[in-house]
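S.K.: The structure under discussion is supplied below as structure tokens; questions concerning it will follow.
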Amino acid sequence: MIQTNGTSTKAPSMNEATPKDPFNNNCYGTIVDSGYKLISLPVLDVTDFNERIIRGYEEGWGERDLPADLSVARSLIPAGTASLRDFSNIAPEIPEYIPENCTGCMDCVTECPDTAILGKVLSESEWSKKMQTIPEGDREMFSKQWSKTKKYYDAGKKKLGDGGMFNIIIDPSKCKGCAECVTVCDDDALKMIPKTDQVMIDSRKSHRYFKNIGPSDNKYINDNLLIDMMLKEETHIYTGGAGSCAGCGEGTALRMMCAATGSKYGDQWGLVAATGCNTVYTSTYPYNPYLVPWTNSLFENAPADAIGVRMRWDQMGWHDKPIWCIGGDGAMFDIGFQALSRLFASGMNVKVFVLDTQVYSNTGGQASTSTYTGQNTKMSVHGKAVGGKQERRKEIAQIAIMHPRTYVAQTTCAHVNHFYKSVLGALEFDGPALVVCYTTCQPEHGVADNMAGEQARLAVDSRAFPILIYDPRKGDKVKERLSLVGNPAVKDDWFVNPKTKEPVTFIDFARSEGRFAKHFDKDGNPSETLERAKQDRLENWHLLQELAGLR
Amino acid sequence: MLNRKRRTALSAPKATHDYTPGEVVAAVEFVKRTRAELRTLRKVRVWKDKLHIIDVNKDYFEVRGLGYPDADVVPVLKQINTAFNPDTIHNPVDLDYKEFDTGRRHPWAEDRVM
Ligand SMILES: Cc1ncc(C[n+]2csc(CCOP(=O)(O)OP(=O)(O)O)c2C)c(N)n1
Ligand code: SF4
Ligand code: SF4
Ligand code: SF4
């Protein structure tokens, strides 16, 4: 029985099945179940928090009826509480897996912003045994969702004598229905279907069985294949249940950064966040998707805050625990810029991750210095007299490169290997590092919920956002340190799209996003401002080519 | 767990429309319907003599008899927010078809601040 207020003695734990969550999809652990993440603090009792406060919010009476006691009044939130948040009813559709088409590429798992699509690989012999543990009535429904891919099955058979059975599963309590996974699947192995009662029952049961059958068999996971890292539980440092918009590019970026860091350091690292969308959707009381310690002070001081945490951790002998300082372009290009520069100049071992949406997303889309020329924002409104932002975009990566001995990368989630190499390179580097990540903001960019990956790719293809890695260890000349590998047609001005045989310029990028729509007349001709924006991007690209010794 | 099958070409269209020269309005009306009957649109493929409007599930509608050389292809592509360049759309190309994205939306509150 679940009581509607106060403490409940008879109600099942929030980490167990409840009448509202009959198959216990809403629970801790991503690939396998886990208990609460307990800590020893006099002001925060994790079990009480989850059983009383989270319950209050999940049942709808928390905000009104919870007393302002020691935990509530301090706004402290334990790690991973977002695991208990139920999003089952926010979207009308959910992905369906088509195993016969799947290649096991892991793109869907990697690109989901909400940790709502998961992969697992088991040896065929173990798999057969595990299938016998599934209730008979559901065995066929569940077992036919496993795939014999070349990557795990054929190669596994050849190398290990036992093929790997591969499965993709949706967590229906965390999926927001954005269709990003379907869009990135090149093999037609996912499609969106309506959430009928039967679809939801099967989906909930499948996710439950997926968790019950234990972890992936590590012998099928190649540590050199970075895209496979999310098969391991320890990479799921960012759980589902964060409050970001459906399809938010930032969510994927944070998840992937957490996964890469988790793959090397488990949960032995921390985050210092600058106020912005990221802090809102990861700490909307009482839900926190992080399984590592996290703090937020202000919009403007995250790098300074991170310096303080680093000093204290070093005093405690925690030299080996990385600290990521995260924030949007507003926080890092603009209001926190001097603190950021100070951090680089300090030489301290703090890594900075910028969620570059080219706009102040959280407060409704004001221009930042990262905003592109011509972009329609709330502080550069496109009107009759002035067509969007008139200034040029500031390039924080180039500025950071000019600081003493600072590792710098610019990347996107759509360039998975480049992304992981950038983040792992930053972590390996003994000193300050900056990783700037292009991230879509669906409502402010004016793109559909499933477009984060596609638009990030186009941003790179069109030179709007070149990717780069600058590693001071690579030599004593800038051209030895700076690599533009990963950009298409790296020696040319523009990349030619093989599907249209036309060069892809900033104007083509602008055509695909609502934030630039007003720059095109009724015949589709671009404005003079947009021509300037194109020239700006070309000059920026030329500068990078020159620095990298390609020009 | 089924047998592996490599990705095949698109299956049959969900609906088709035969374009009659000069009757672009009918073609646009047909395409408007795709908004409701398809899911989130993904891509548009334009051949010399037909076009496909493809959604995220790779379901699609087909317009026959209208291709990239025709002037009337422009209003049809615009109707579904296709990101194409009107200066080059009619150019001949050494490819089976040209492919374009269609994911554009209005930015948030664009109508309220103007
Ligand atoms: C000193 C100060 N000014 C303004 C704000 C209000 N504010 C909160 S988040 C934000 C914008 C954040 O933009 P960005 O850093 O780009 O992150 P995003 O939301 O785009 O991820 C603003 C203006 C604040 N918190 N503090
Ligand atoms: S639809 Fe979106 S939220 Fe759901 S699993 Fe796919 S990518 Fe994740
Ligand atoms: S993206 Fe498609 S092919 Fe790749 S693992 Fe996911 S479902 Fe399989
Ligand atoms: S407003 Fe933009 S950045 Fe913020 S959560 Fe939504 S999509 Fe993400």
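The values are calculated or read from the model by the stated rules, or taken from the named source; none is laboratory data. All figures in this text were calculated on a predicted structure; none of them were measured in a lab. Heads up, the Cβs are rebuilt from the backbone with ideal geometry, glycines too, and the neighbour counts pull from every protein chain shown.
S.K.: Can you tell me how many residues within the range A:314-339 are surrounded by 24 or more Cβ atoms within 10 Å (Cβ to Cβ) and in a loop (DSSP other than H, G, I, E, B)?
M.R.: Final tally of qualifying residues: 1.
S.K.: Return the pairs, sorted by first residue and then second, in which the second residue is crowded, with 18+ Cβ neighbours inside 10 Å and of a type in the set (Lys, Arg), the first residue lies in the range A:50-63 and is within 17 Å of A:GLY35 (Cα to Cα), the beta carbons are less than 9 Å apart, and the residues are 6+ apart or on different chains.
M.R.: Within 9 Å, the pairs are A:ILE54/A:ARG85.
S.K.: Could you give every pair whose Cβ atoms fall below 8 Å, whose first residue belongs to the range A:184-195 and is more than 8 Å from ligand 3 (Cβ to nearest atom), and whose second residue is among the acidic types (Asp, Glu), counting only separations of at least 6 or pairs across chains?
M.R.: A:LYS191/A:GLU96; A:MET192/A:GLU93; A:MET192/A:GLU96; A:ILE193/A:GLU93; A:ILE193/A:GLU96; A:PRO194/A:GLU93; A:LYS195/A:GLU93
S.K.: Since A:THR279 meets every condition but one in (1) under 16 Å from the mean Cα position of the chain (by Cα); (2) not in a helix (DSSP H, G or I), which condition does it not meet?
M.R.: Result: A:THR279 fails condition (2) only.
S.K.: Could you tell me whether any residue of the range A:346-362 is more than 16 Å from ligand 4 (Cβ to nearest atom) and assigned to a helix (DSSP H, G or I)?
M.R.: yes
S.K.: Pick from A:ASP138, A:ASP154, A:ASP86: which is surrounded by fewer than 20 Cβ atoms within 10 Å (Cβ to Cβ), charged (D, E, K, R) and in contact with a Ser or Thr (Cβ under 6 Å, 6 or more places away or on another chain)?
M.R.: When all the criteria are applied, what remains is A:ASP86.
S.K.: A follow-up question, please. For the range A:171-201, which residues satisfy the criterion of being of a type in the set (A, V, I, L, M), under 14 Å from A:PRO113 (Cβ atoms) and away from ligand 4 (no atom under 16 Å from the Cβ)?
M.R.: Across the range A:171-201, the qualifying residues are A:VAL182, A:VAL184.
S.K.: Additional query: Which one is farthest from ligand 3 (Cβ to nearest atom) among residues in the range A:196-209 that are assigned to a helix (DSSP H, G or I) and either closer than 28 Å to A:MET451 by Cβ or not assigned by TED's automatic domain parsing to the domain that holds A:PHE166 (or both)?
M.R.: Among them, the one singled out is A:MET200.
S.K.: Could you grab me the full set of residues in the range B:54-65 that are over 11 Å from the mean Cα position of the chain (by Cα) and either more than 12 Å from every other protein chain (Cβ to nearest Cβ) or touching a residue at least 24 places away in the same chain (Cβ under 8 Å) (or both)?
M.R.: Within the range B:54-65, B:LYS58, B:ASP59, B:ARG64, B:GLY65 qualify.
S.K.: Restrict the check to the range A:74-82 and report whether at least one residue is out of contact with any helix residue (DSSP H, G or I) (no Cβ under 7 Å at 6 or more places or on another chain), over 27 Å from A:ILE117 (Cα atoms), surrounded by fewer than 11 Cβ atoms within 10 Å (Cβ to Cβ) and not polar (S, T, N, Q).
M.R.: no
S.K.: Determine the pairs where a residue that is assigned by TED's automatic domain parsing to the domain that holds A:VAL435, located within the range A:453-478, has a partner that is among the acidic types (Asp, Glu) with Cβ atoms under 6 Å apart, the partner being 6 or more residues away or on another chain.
M.R.: From the range A:453-478, the pairs are A:GLY453/A:GLU111; A:SER462/A:ASP508; A:LYS474/A:GLU480.
S.K.: Looking for whichever is more than 12 Å from ligand 2 (Cβ to nearest atom), assigned by TED's automatic domain parsing to the domain that holds A:LEU343 and crowded, with 23+ Cβ neighbours inside 10 Å here; the options are A:THR252, A:THR261. Which one fits?
M.R.: Testing whether each residue is more than 12 Å from ligand 2 (Cβ to nearest atom), assigned by TED's automatic domain parsing to the domain that holds A:LEU343 and crowded, with 23+ Cβ neighbours inside 10 Å leaves just A:THR261.
S.K.: Exactly one of (1) more than 14 Å from chain B (Cβ to nearest Cβ); (2) touching a helix residue (DSSP H, G or I) at 6+ places or on another chain (Cβ under 9 Å) is unmet by A:ARG532. Its number?
M.R.: In the conditions (1) more than 14 Å from chain B (Cβ to nearest Cβ); (2) touching a helix residue (DSSP H, G or I) at 6+ places or on another chain (Cβ under 9 Å), A:ARG532 misses (2) alone.
S.K.: Moving on. How many residues are within 11 Å of ligand 1 (Cβ to nearest atom), farther than 20 Å from A:LYS174 by Cβ and crowded, with 18+ Cβ neighbours inside 10 Å if we restrict to the range A:280-312?
M.R.: 5
S.K.: For the range B:77-114, name all the residues that are more than 8 Å from chain A (Cβ to nearest Cβ) and basic (Lys, Arg).
M.R.: Matches in the range B:77-114: B:ARG112 only.
S.K.: Restricting attention to the range A:510-528, does a residue exist that is of a type in the set (A, V, I, L, M, F, W, C), in contact (Cβ under 8 Å) with a residue 40 or more places away in the chain and more than 19 Å from A:THR357 (Cβ to Cβ)?
M.R.: no
S.K.: Evaluate the range A:229-240: report whether one residue or more is within 16 Å of ligand 1 (Cβ to nearest atom) and at negative phi.
M.R.: Yes, there is a match, as at least one residue in the range A:229-240 is within 16 Å of ligand 1 (Cβ to nearest atom) and at negative phi.
S.K.: From the list A:ASP461, A:ASP471, A:ASP449, exactly one residue is within 11 Å of another protein chain (Cβ to nearest Cβ) and buried (at least 18 other Cβ atoms within 10 Å of the Cβ). Which is it?
M.R.: A:ASP449
S.K.: Only one residue in A:ALA242, A:ALA259, A:ALA274 is away from ligand 3 (no atom under 16 Å from the Cβ) and under 18 Å from A:PRO113 (Cα atoms). Which one?
M.R.: Exactly one residue qualifies, and that residue is A:ALA242.
S.K.: Let me ask something additional. Out of all the residues in the range A:415-445, which are crowded, with 24+ Cβ neighbours inside 10 Å and within 14 Å of chain B (Cβ to nearest Cβ)?
M.R.: Selection gives A:THR440, A:CYS441, A:GLN442, A:GLU444, A:HIS445.
S.K.: Given the conditions (1) within 16 Å of ligand 1 (Cβ to nearest atom); (2) free of Cβ contacts under 8 Å to residues at least 12 places away in the same chain, which single one is not true for A:SER368?
M.R.: For A:SER368, the exception is condition (2).
S.K.: Follow-up question, since we're still on this one. Filter the range A:82-124 down to residues that are closer than 30 Å to A:GLY56 by Cα and aliphatic (A, V, I, L, M) and give me whichever is farthest from ligand 3 (Cβ to nearest atom).
M.R.: Restricting to residues being closer than 30 Å to A:GLY56 by Cα and aliphatic (A, V, I, L, M), the top hit is A:LEU84.
S.K.: Limited to the range A:8-37, what total is found for residues that are within 25 Å of the chain's Cα centre (by Cα) and either surrounded by fewer than 19 Cβ atoms within 10 Å (Cβ to Cβ) or within 11 Å of A:LEU84 (Cα to Cα) (or both)?
M.R.: Here the count works out to 13.
S.K.: Tally time: how many residues in the range A:115-163 are more than 12 Å from chain B (Cβ to nearest Cβ) and either more than 19 Å from A:LEU190 (Cβ to Cβ) or within 16 Å of ligand 2 (Cβ to nearest atom) (or both)?
M.R.: So the count comes out to 26.
S.K.: While we're here: Out of all the residues in the range A:221-234, which are assigned to a helix (DSSP H, G or I) and within 16 Å of ligand 3 (Cβ to nearest atom)?
M.R.: Residues satisfying the conditions are A:LEU226, A:ILE227, A:ASP228, A:MET229, A:MET230, A:LEU231.
S.K.: Test A:ASN89 against the criterion of being more than 16 Å from ligand 1 (Cβ to nearest atom) and closer than 23 Å to A:PRO19 by Cβ, and give yes or no.
M.R.: Yes: the conditions hold for A:ASN89.
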